[in-house]
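To keep things clear, I will list the structure first and then write my remarks on it.
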Amino acid sequence: MRLDYVTIFPDFFAPLSLSLAGRAVESGLLEVGVHDLRAFTHDRHRTVDDTPYGGGAGMVMRPEPWGEALDAVLRPGSVLVVPTPAGTPFTQATARELATREHLVFACGRYEGIDQRVLDHAASRDDVEVREVSLGDYVLNGGEVAALAVTEAVVRLVPGFVGNAASLEEESHEAASGGLLEHPVYTKPATWRGLDVPAVLRSGDHGAIAGWRLEQARARTARRRPDLLAPGQVEEWVVAPATP
Ligand SMILES: CN1CCN(Cc2ccc(Cn3ccc4ccc(-c5n[nH]c(N)c5C#N)cc43)cc2)CC1
């Protein structure tokens, strides 16, 4: 898989060489390219923004530099991933879809966003897919943080990337977890600052442990994410004893 990022803040993506993605780059599992949008401007001030047609606050990113940048980076089969507050919610299902693609190009906007014609032009190509995604209902200052989050969610699903693939199965928001949030986890010491690990987890009774974990996952989900459950399930599971 190759990942390309177009941004006015190329240093934002330096951490990619440090994190899990860094090892994947070394192993050849991943190729990464970072492109400074200003390199595709031609005026003395390397201007990337201008005032919005129709008025309104803030500035909009000019189409010309974006057009040249994407012409240079996109290729047949690319998926152009555009983080935006107006995007479709980015979910684990979206991450799984993107993890099957060979080339992701992240268009990291700033200001009030990118001139819509840039996205429309890319979408008019019959060999490129455009995915406008949102991380959630809160406001960021640009697309870079979202691009890093999407990158991590996607790359960890690429076969061979995570050492223990089994650990991916039981995670929250994966089908194998039954759509439940993860249960609480514990490790040594058995007592820490007067707080004990639940005795069942040290019982060696694997059936009881599985039952406890399911009960905890259900209680946690009922309390924190009732939207993931059917109405009847919330009332039934919210009462289960749960860690805070
Ligand atoms: C008057 N109002 C009219 C509506 N605007 C909306 C608006 C427009 C741009 C920006 C800043 N920005 C620029 C590029 C960019 C990409 C992603 C995100 C982003 N934010 N939150 C997510 N989950 C994101 C993701 N993914 C934000 C971005 C912030 C807010 C505000 C002013």
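Just so it is clear, none of the values below were taken in a lab; they were calculated from the coordinates. Just so we're clear, the structure is a prediction, and the values are computed from it rather than from any experiment. No Cβ is skipped: glycine too gets one built from the backbone with ideal geometry, and neighbour counts run over all protein chains shown.
Annotations
- Considering only the chain, percent of DSSP beta bridges that pair antiparallel, nearest 5: 15 percent
- Trypsin sites (Lys or Arg not before Pro) restricted to the range 1-92 and DSSP loop, no more than 13 other C-beta within 10 Å: 44
- Model label sites at residue 19 and residue 200, defined 7 Å from Cα along the beta-carbon direction, differ in position by 3.4 nm.
- Taking 0.36 nm per residue of separation and subtracting the Cα-Cα distance, full extension of the segment from residue 11 to residue 137 would add 42.8 nm.
- The ranking of 88, 41, 187 from fewest to most other beta carbons within 10 Å of each one's beta carbon is 187, 88, 41.
- The GNM of the chain, with springs linking C-alpha atoms under 10 angstrom apart, assigns the highest mean-square fluctuation among 232, 142, 160 to 232.
- Comparing 189, 52, 89 in a Gaussian network model of the chain, where Cα atoms under 10 Å apart are tied by springs, the biggest mean-square fluctuation is seen for 189.
- Residue 233 versus residue 185: modelled label distance in nm, points set 7 Å from Cα along the beta carbon direction: 2.2 nm
- Helical contribution to [θ] at 222 nm, DSSP H n ≥ 4, -39,500 (n - 2.57), averaged over the chain, rounded to 500: -9000 deg cm²/dmol
- With q set to 0.12 Å⁻¹, the log10 of I(q)/I(0) for the range 2-163, from the Debye formula over equal scatterers at the Cα positions, is -0.50.
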